[in-house]
């Protein structure tokens with residue numbers, strides 16, 4: 001009975017910690033840094049503080065005009081017209097993104113524009129979406145930072161409000177306040193439409209939380225459709241009413257569902273069910289009135305989400321494609337006429353799927369990260385020779401995107417974007433990567449996905465500005481010509497086919513392949529896919545093209561003859577029409593002012609403190625407390641001050657710490673004034689001793705991360721020491737030590753792994769080595785050493801996504817560390833009486849996926865996957881242990897799920913541990929619970 005009570009207390013404590021504490025000292029959302037060499041400046045504009053690298057001065061000035069001007073429209077229907085928030089322009093990375101966070105409150109815009117996005121200026125695109133999140137947060141929090149509740153607010157938002165609501169409202173906002181936005185893009189909503197028209201009835205939870213099996217709409221798309229329907233039914237100010245009610249009554253089991261039911265008469269699940277009926281009817285009607293053709297797949301039929309991007313026909317008849325799936329990492333493959341696949345080369349992270357083939361060569365771009373400062377990344381160009389099988393990196397520390405080969409494979413045309421967001425069209429030597437030509441771009445239009453004509457004398461490309469997308473050519477003399485003027489159409493990836501240029505667009509309301517006659521400007525349709533067609537390339541020596549045809553399980557490979565037809569009527573179903581009419585603003589960027597603001601240096605080391613949260617902290621069922629936390633805006637200086645109550649001791653611990661992360665080493669300093677208790681053998685038997693101690697700790701760590709193709713290498717070296725002073729001790733044994741002087745703690749770790757697929761439970765190929773050494777060189781009264789070494793080797797299992805781990809651990813300890821366990825122990829270790837001092841362990845684990853049910857059990861749970869594992873663990877090999885008899889062995893089951901339709905993903909597991917017969921131990925039953933937001 002006592003065990004059961006303790007278990008219940010532990011579970012309740014765990015769930016409390018999930019709800020109210022992240023139990024870390026750093027930020028919830030973001031923690032990476034830029035190098036110290038970045039020179040930062042700032043502009044203050046109507047409550048917005050724009051913080052930016054000096055190279056971004058023109059863009060910062062533009063945003064200082066733009067952001068305050070549009071914010072009143074962005075937050076208007078929430079009653080939020082003004083705010084105060086820092087906006088940081090991050091220019092050192094090549095991944096295009098942005099976010100708004102609390103703890104501390106800020107927004108970050110990653111300024112490098114992507115090679116595929118909406119038909120408007122990139123920073124404007126970020127502003128209109130992210131400022132809506134600012135308005136949402138201000139509505140829920142009142143916009144006030146005192147008395148430091150930000151971390152609680154942020155955790156509460158993430159746990160209790162559905163992700164589809166936040167993101168769907170922001171997408172609806174970006175679509176309503178401009179003439180573009182993702183809600184107007186057929187390709188963005190295409191997976192949802194495809195599933196619906198194929199008769200799929202995905203559950204509410206599956207559409208929201210995702211799947212490791214099917215192509216699902218995603219919570220952005222789901223949210224946009226739901227918000228559009230809710231606004232159409234309940235009016236312009238319904239989001240304001242919902243957020244106001246949630247703010248007034250936050251402590252409810254389902255605050256969002258309750259408020260939604262109160263103001264609209266339906267819960268989110270009920271809205272989803274009614275929405276599904278409506279969109280099915282609308283999309284079925286669109287399919288009926290829009291002519292389409294069936295295109296047989298040239299690839300193997302998939303059973304789960306699998307994409308074959310950018311197909312190209314080879315001279316020998318094989319098809320080259322970039323394949324990625326739920327079960328496999330992106331890999332260049334060849335598909336023969338029997339649909340059999342052969343792997344060519346795995347590739348690393350990309351900003352978007354991309355490669356180009358010509359004359360036996362393949363080129364593509366890959367992301368590389370700075371080893372220490374992960375805010376800095378690069379886009380490098382790689383080349384693979386099909387005949388020799390050799391891989392070569394053509395650029396280093398570069399910012400070059402969308403490389404495309406000339407027909408003879410000798411030149412590469414690409415896009416270069418510098419740290420000031422200046423964009424250039426460049427031509428590189430495909431042999432050595434040297435830039436041999438740059439084309440002027442006086443208006444600094446964003447250039448996307450260029451390509452050569454057949455003889456390499458003319459280049460075509462897409463430009464993007466606030467006016468829309470346009471299609472251009474530029475010849476060898478540098479003369480440019482606009483073939484298609486600016487349009488909200490999603491023009492993309494133009495390629496020459498004879499004297500015409502083929503490209504993607506959505507003139508019919510569905511993404512398809514079109515071409516334009518360069519001489520006359522006439523646009524014709526080349527495909528009529530039911531769901532979407534993309535990425536055309538001509539099949540050499542024929543009158544046909546090969547392309548991507550989107551279907552239920554992703555991007556397939558198909559072909560069709562080049563037969564031009566009319567573009568047809570635009571039958572796009574625009575679900576955001578009601579919201580756009582309610583706003584009635586047109587494009588909010590039309591009349592942005594053009595003032596010049598004064599700027600000043602932003603002292604990256606002079607603003608270390610930014611206190612944002614007083615947060616409860618639950619360490620375990622015996623220790624809980626409160627923390628005052630500070631994280632500066634550039635993630636280089638973290639501070640915490642707090643107090644914890646020890647229930648078992650009836651005393652309070654006080655603690656403080658700082659972390660300085662501007663340099664290559666990371667410096668951590670902490671102080672604890674804490675109660676302690678220990679038991680010793682006295683004159684009257686076992687006696688209890690209570691005391692307090694001042695514990696000072698200093699640690700320095702140098703982390704390093706390197707990437708190469710799909711390989712990751714991590715190094716870490718750390719060293720630390722501490723000083724302990726004990727006081728307020730009662731009756732103690734004569735050998736009680738009052739000071740512990742400067743023990744030395746050192747460690748080194750190295751790991752190598754390859755990129756994992758979504759279904760992988762663990763790396764299928766990885767090696768990890770860790771060393772730890774503790775010693776006490778400055779205190780003769782407390783001698784002793786501890787050395788520990790750990791080695792991990794991951795191998796592919798017997799089937800796809802299976803993995804086998806062999807882990808050998810060794811430790812040698814003496815003196816004050818003689819009973820410490822610094823290595824991995826066998827499962828069940830803490831429940832088995834030790835027979836000898838721990839020296840080493842050999843652990844074998846085999847893990848595998850069992851099923852991907854995507855099962856919704858009413859409102860109780862949504863189960864994404866079920867995973868299994870078997871294990872066999874040895875201890876103290878060479879110390880008389882029979883290697884044929886493991887100390888423990890058994891099996892485990894895990895499942896990833898969402899409980900009660902809340903956002904945190906729970907990993908719930910159970911493990912049965914059988915113990916070697918010599919211990920006379922019953923099997924051990926363990927429950928495991930982890931969560932991620």
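The values are calculated or read from the model by the stated rules, or taken from the named source; none is laboratory data. Since this is a predicted model, take the numbers as computed values, not measurements. Counting neighbours? That spans all protein chains shown, and the Cβs are built from the backbone with ideal geometry, glycine included.
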Test: residue in region 273-283 that is modelled with pLDDT under 95, within 29 Å of the chain's Cα centre (by Cα) and assigned to a helix (DSSP H, G or I): no
Condition broken by residue 766, with the remaining ones in (1) crowded, with 16+ Cβ neighbours inside 10 Å; (2) free of Cβ contacts under 8 Å to residues at least 40 places away in the same chain; (3) under 23 Å from residue 817 (Cβ atoms) satisfied: (3)
Residue check for residue 530: over 34 Å from the mean Cα position of the chain (by Cα) and modelled with pLDDT of 95 or more: no
Tally, over region 891-933, of residues that are in a strand (DSSP E or B), more than 24 Å from residue 204 (Cα to Cα) and at pLDDT 90 or above: 14
Subset tally (residues that are in contact with a strand residue (DSSP E or B) (Cβ under 7 Å, 6 or more places away or on another chain), crowded, with 20+ Cβ neighbours inside 10 Å and assigned to a loop (DSSP other than H, G, I, E, B)) for region 86-98: 3
Residues located in region 116-139, provided they are touching a strand residue (DSSP E or B) at 6+ places or on another chain (Cβ under 8 Å), crowded, with 23+ Cβ neighbours inside 10 Å and part of a loop (DSSP other than H, G, I, E, B): 119, 120
Complete set of residues in region 878-890 that are at pLDDT below 90 and touching a strand residue (DSSP E or B) at 6+ places or on another chain (Cβ under 9 Å): 878, 879, 881, 883, 885, 886
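Would it be correct to say that residue 644 is surrounded by fewer than 19 Cβ atoms within 10 Å (Cβ to Cβ) and either more than 30 Å from residue 175 (Cα to Cα) or over 28 Å from the mean Cα position of the chain (by Cα) (or both)?
Working: surrounded by fewer than 19 Cβ atoms within 10 Å (Cβ to Cβ): no; either more than 30 Å from residue 175 (Cα to Cα) or over 28 Å from the mean Cα position of the chain (by Cα) (or both): yes.
Criteria not met by residue 644.
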Inter-residue pairs, beta-carbon under 9 Å, first closer than 16 Å to residue 747 by Cα and in region 807-833, second in a helix (DSSP H, G or I) and at pLDDT 85 or above, 6+ apart: 821/829
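Taking region 803-828, which residues are outside any loop (DSSP other than H, G, I, E, B) and farther than 30 Å from residue 759 by Cβ?
Filtering region 803-828 down to residues outside any loop (DSSP other than H, G, I, E, B) leaves 803-813, 815-817.
810, 811, 812, 813, 815, 816, 817, listed by residue number.
Residue 83 - would you say it is assigned to a loop (DSSP other than H, G, I, E, B) and either within 27 Å of residue 585 (Cβ to Cβ) or modelled with pLDDT of 95 or more (or both)? Walk me through how you get there before you give the answer.
Details: assigned to a loop (DSSP other than H, G, I, E, B): yes; either within 27 Å of residue 585 (Cβ to Cβ) or modelled with pLDDT of 95 or more (or both): yes.
Spelling it out, residue 83 is indeed assigned to a loop (DSSP other than H, G, I, E, B) and either within 27 Å of residue 585 (Cβ to Cβ) or modelled with pLDDT of 95 or more (or both).
Say we look at region 723-736 and pick out the residues that are outside any strand (DSSP E or B) and surrounded by 14 or more Cβ atoms within 10 Å (Cβ to Cβ); which of these is farthest from the chain's Cα centre (by Cα)?
Looking at residues that are outside any strand (DSSP E or B) and surrounded by 14 or more Cβ atoms within 10 Å (Cβ to Cβ), I get 732.
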Selection count, region 578-590, where residues are out of contact with any helix residue (DSSP H, G or I) (no Cβ under 6 Å at 6 or more places or on another chain) and either in contact (Cβ under 8 Å) with a residue 40 or more places away in the chain or surrounded by 17 or more Cβ atoms within 10 Å (Cβ to Cβ) (or both): 3
Any hit, region 285-299, residues being assigned to a helix (DSSP H, G or I) and in contact with a helix residue (DSSP H, G or I) (Cβ under 7 Å, 6 or more places away or on another chain): yes
